[in-house]
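Below is one structure, written out as structure tokens, with a few remarks after it.
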Amino acid sequence: MSELEKNTPEVQGENTAVEQKAAETSEKSSAPMLEVRELSIQFGGLRAVDGLNLKIKKHQLYGLIGPNGAGKTTVFNMLTGVYKPTSGAIFLDGVNITGKSPVEINKSGIARTFQNIRLFKEMSVLDNVKVGMQNSTKYTTIEGILRLPRYFKEEKLMTERAIELLKVFELDGEKDALSANLPYGKQRKLEIARALATNPKLLLLDEPAAGMNPNETEELMNTIRFVRDKFDMTILLIEHDMKLVSGICEELTVLNFGQELAQGETSAVLNDPKVITAYLGD
Amino acid sequence: MRKTTKNNLITFGGTLILCVVLGILMQAGKLNSMTTGLMVTIGIYIIASTSLNLTVGVLGELSLGHAGFMCIGAFSSATVSTLMINGGAPNWLSFAVAIIFGAIMAAILGFLIGIPVMRLRGDYLAIVTLGFGEILKSLFNNIYITSDKNGLHFGFTNPPKNIDASTKLEILRGPKGTSAPDLTNFWVVAAVLLICLIILMTFIDSKSGRACMAVRDNYIAAQSVGINVTKFRLMAFTLSAAIAGAAGALYMHSLANMLPKKFDYNLSILILVYVVLGGLGSLRGSIIATIVLYAIPELLRGINQNIVNYRMLIYAIILICLMLWKNAPVFINMREKIKAKCKKSKTADLTSGGAEA
């Protein structure tokens, strides 16, 4: 199965220009950016996620919601290779990425943020973003140690790109600060910037609004929309904040006890009596 | 200029100036032989501690087997230099080749040991490196290499037999130690030290160094941005071992007879103390800590006989005080207050100066 999937023509286009990519995708707009089929994982006797199906179109803002312990973060961990699914398959842009390592999955185009912020705390804000660009730089370690011209050329390019990214998130003023010293909201933004630095096709945000006040959440919603439009990004997010979910998500999947409870347009799903029961109880 | 570049330049410049000044004083005959000997040893320890800082500070893994890599560097380089000089090669060439050979051997073993070790983290890694350090020491405690007109003869746990007595040359003599030609002098140590500093600084301030620090700060996040964690950990560990090997080579050639048991657990811990008290991840800190902490017991030795008996006690007390000064909350608060005061007075000066202008 995987061989067949790998050979589909949709695999190409990693190095093509953005316009070309856009043209390609408009042709195959029916093909989803991310497709998850019957994804399940079992921890001992517990089926944490059971038969999940997902289809996320390119440029879509998709929400994954559900009560605590529903298995949302587990889904993210399977999508990014931290956990190996017990059964089921994951396709990114037509390529089967099931069971690959986190590094390979990131290289094939999925980047994520974490529920409990995981920045490189003892490194500067700028370096955090530059670490994300690691795989797009070509100079070797020896070239770095000997300080050959390619080191300077690529480092300069990297810094410029990183600062550009930081500007998008209004972090360029603090580029030399230690990332641990940033206020909470900015740390969340830096995590998104770092994820974008890896040039992903799909961005996974794990509770981006956790711990934010309403004003910050409002600002975050604008940022997410902006990122989606500016970088032509497909975004899947987990969130508890219903204002954010109803405000920006186009489609939703609701998980409860590892199983899909409802799926579809945001407003329809949020008014589904089953969903309301799951959240509020009988 | 970038902050890192500036910091590196200060550290490198400072070390360079120190080396030149001490070298000139030495050449002018202002320093006695004891001080010169001290300078050589301190230089070697600085190379060892800065290289350990790559593992402990930048990679964030506690390695307790650093002396093991120095041991490989020492004995493999002694073999090469003895053989080359015996074969008629000039001293400087033999020594240069020996140092490089020592570093390469240490790198190879560092790489091989790193493959299993770098699968572990934290306490487990520390214990395993401790074990490997002891194994390497014991290994050289049992290796005998002797050369004669028929070539090299190796022995394990016993000296090799059937050796032509007239051309016999004992190179490694197991627990009896090894006498390498006395080639290390201050200038060689200074040169190797400066080269190693450059390598460490440029490595840390490149994408590979950043990757190592990212792995140190957050393993899972580093993987999530596509960093091949094992590769960079192995790379830093190998580089650290290689530089330790060079330090071992210098050490070997600075003493008349080197016993393998010199490279035991205590040496690893001694170097680790320099790294930790100098500040994890700070090369400058390692350099200063090595100088100060190595010099203290030696200076105490010189004061008078009563103190000599207690010098390790005094050394221990100084270590404890330094540790408290660095880490106890009371002292941290005190330091921050002093820092804030300094800053305030500085800004006050600036504003008042501005008003006058």
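The values are calculated or read from the model by the stated rules, or taken from the named source; none is laboratory data. Quick caveat, the model's predicted, so the values are computed rather than measured. Neighbour counts run over all protein chains shown; Cβ positions are idealised from the backbone, glycine included. The protein model used for the area step is the full one, side chains on, heavy atoms only, and it has no ligands, DNA or RNA in it. Shrake-Rupley method; radii C 1.70, N 1.55, O 1.52, S 1.80 Å.
Residue pairs whose Cβ atoms lie under 6 Å apart, separated by 6 or more positions or on different chains, with the first residue in the range B:232-261 and in contact (Cβ under 8 Å) with a residue 12 or more places away in the chain and the second of a type in the set (D, E, K, R), are B:Pro260/B:Lys137. Residues of the range A:198-211 that are more than 10 Å from chain B (Cβ to nearest Cβ) and open to solvent by 30 Å² or more (accessible area, probe 1.4 Å): A:Lys201, A:Gly211. Here B:Asn266 does not fit the description of being of a type in the set (S, T, N, Q) and over 19 Å from the mean Cα position of the chain (by Cα). Taking the criterion of being closer than 21 Å to A:Leu157 by Cβ and under 10 Å from the mean Cα position of the chain (by Cα), the only residue of the range A:110-129 that qualifies is A:Ala111.
Counting the residues of the range A:104-152 that are within 7 Å of chain B (Cβ to nearest Cβ) and open to solvent by 20 Å² or more (accessible area, probe 1.4 Å) gives 9. The residues of the range B:102-123 that are more than 18 Å from B:Ala236 (Cβ to Cβ) and more than 17 Å from the chain's Cα centre (by Cα) amount to a single one, B:Asp123. If you go through the range A:265-280 one residue at a time, do you hit one that is closer than 16 Å to A:Gln115 by Cβ and either assigned to a helix (DSSP H, G or I) or open to solvent by less than 70 Å² (accessible area, probe 1.4 Å) (or both)? No - not one qualifying residue is present in the range A:265-280.
Mind checking which residues of the range A:165-197 are within 13 Å of chain B (Cβ to nearest Cβ) and either surrounded by fewer than 17 Cβ atoms within 10 Å (Cβ to Cβ) or of a type in the set (Lys, Arg) (or both)? Residues satisfying the conditions are A:Lys175, A:Asp176, A:Ala177, A:Leu178, A:Ala180, A:Arg194. Tell me the residue from B:Leu9, B:Leu112, B:Leu59 that is within 14 Å of chain A (Cβ to nearest Cβ), within 30 Å of B:Lys207 (Cα to Cα) and without any contact (Cβ under 8 Å) to a residue 60 or more places away in the chain, please. Result of the check over B:Leu9, B:Leu112, B:Leu59: B:Leu9.
Here is a yes/no grid of residues against (1) surrounded by fewer than 24 Cβ atoms within 10 Å (Cβ to Cβ); (2) modelled with pLDDT under 90; (3) in a helix (DSSP H, G or I):
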residue: B:Ser240; (1), (2), (3): no, no, yes
residue: B:Lys261; (1), (2), (3): yes, no, yes
residue: B:Ile269; (1), (2), (3): yes, no, yes
residue: B:Arg284; (1), (2), (3): yes, no, yes
residue: B:Ile296; (1), (2), (3): yes, yes, yes
residue: B:Leu300; (1), (2), (3): yes, yes, yes
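In the set B:Asp164, B:Asp182, only one residue is under 30 Å from B:Val21 (Cβ atoms) and acidic (Asp, Glu); that residue is B:Asp182. When B:Ile46 is tested against (1) of a type in the set (A, V, I, L, M, F, W, C); (2) in a helix (DSSP H, G or I); (3) modelled with pLDDT under 90, only condition (3) is not met.
Condition check for B:Gly13 on (1) under 15 Å from B:Arg284 (Cα atoms); (2) in contact with a helix residue (DSSP H, G or I) (Cβ under 9 Å, 6 or more places away or on another chain): one failure, at (2). I need the full set of residues from the range A:57-92 which are within 14 Å of chain B (Cβ to nearest Cβ), open to solvent by less than 30 Å² (accessible area, probe 1.4 Å) and among the β-branched types (Val, Ile, Thr), in order please. Selection gives A:Thr80 alone. Of the residues making up the range B:244-258, none is more than 8 Å from chain A (Cβ to nearest Cβ) and closer than 25 Å to A:Asn116 by Cα. Hey, can you tell me all the residues within the range A:188-218 that are without any contact (Cβ under 8 Å) to a residue 60 or more places away in the chain and out of contact with any Lys or Arg (no Cβ under 9 Å at 6 or more places or on another chain)? A:Lys189, A:Asn213, A:Asn215 - these are the residues of the range A:188-218 that are without any contact (Cβ under 8 Å) to a residue 60 or more places away in the chain and out of contact with any Lys or Arg (no Cβ under 9 Å at 6 or more places or on another chain). Within this structure, B:Arg216 passes the test of being under 30 Å from A:Ile110 (Cα atoms) and open to solvent by 40 Å² or more (accessible area, probe 1.4 Å). Restricted to the range B:156-233, the set of helices (runs of 4 or more DSSP H) holding at least 3 residues that are within 24 Å of B:Ala74 (Cα to Cα), of a type outside the set (D, E, K, R) and more than 14 Å from every other protein chain (Cβ to nearest Cβ) comprises B:186-204. If only residues of the range A:243-264 that are part of a helix (DSSP H, G or I) and touching a strand residue (DSSP E or B) at 6+ places or on another chain (Cβ under 8 Å) are counted, the one that is surrounded by the fewest Cβ atoms within 10 Å (Cβ to Cβ) is A:Ile248. The requirement of being in contact with a helix residue (DSSP H, G or I) (Cβ under 9 Å, 6 or more places away or on another chain) and surrounded by fewer than 16 Cβ atoms within 10 Å (Cβ to Cβ) is satisfied by B:Asn150.
Does B:Gly87 count as on the phi > 0 side of the Ramachandran plot and open to solvent by 10 Å² or more (accessible area, probe 1.4 Å)?
Working: on the phi > 0 side of the Ramachandran plot: no; open to solvent by 10 Å² or more (accessible area, probe 1.4 Å): yes.
The answer is no for B:Gly87.
Taking the criterion of being assigned to a loop (DSSP other than H, G, I, E, B) and not hydrophobic (A, V, I, L, M, F, W, C), the residues of the range B:104-155 that qualify are B:Arg119, B:Arg121, B:Lys149, B:Asn150.
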